Amino acid sequence: MKSVLVRSLILFPALLVCASGYAKLRVVVSTSQIADIVRNVGGEEVDLTVLMGPGVDPHLFKATARDVISLQRADLILYNGLHLEGRLAETFSKIDQRGHTVVAVAEAIP
C-alpha cells in the first residue's frame, strides 16, 4: 500500500503536466484536509470535488447519488482510510474494482 501512495504522489505532478493545456485532472477527496494538499499541489490544473466539508462527521457520512457520479468520473480519488470514512469504504472498494485510481492516504504512511 505504501508503494501505491508513493507512486500516486510521484505520478500526480506528472499527470498535471500532461493535463496542462487539456481538461483539468478530476480529483475527488473525502475530507477538507486532503483537499488542502491537493489544492497546494495541483492548483488550477485540478478540478477538485470534496465529499465532506468542515463539521461533517466522516464516520456517519453517506454518499449521495451526485457523490457517486463524481467518484465514477474522477481520474484520482484520495481518502483518509483507517476506517475514518466508515460508510464510504464499500463505495471506495467498488470504484477501485472498476479500475479507478483510489488511494487511502493515511494507510500508506508508516
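A few remarks follow.
- The amide H of V103, built 1.01 Å from its N in the peptide plane, has I77, L78, Y79 as neighbours under 5 Å, considering only residues 5 or more places off or on other chains.
- Computed from backbone phi, the HN-Hα couplings of segment 85-94 come to 8, x, 6, 8, 3, 5, 5, 4, 4, 5 Hz, rounded to whole numbers (Karplus: 6.51 cos²θ - 1.76 cosθ + 1.60, θ = phi - 60°; Gly and Pro given as x).
- Whole-Hz ³J(HN,Hα) from phi, Karplus 6.51 cos²θ - 1.76 cosθ + 1.60, for segment 61-66, glycine and proline x: 4, 10, 5, 8, 4, 5
- Distance in nm between pseudo-label sites at E44 and H83 (7 Å out along the Cβ direction from Cα): 4.4
- Annotation: peptides 78-87, 32-41, ranked by per-residue average of other Cβ atoms within 10 Å with the highest first, follow the order 78-87, 32-41.
Here, each number is a calculation from the coordinates, and none is a lab measurement. If you're wondering where the values come from, they're calculated on a predicted model, not measured in any experiment. Neighbour counts run over all protein chains shown; Cβ positions are idealised from the backbone, glycine included.
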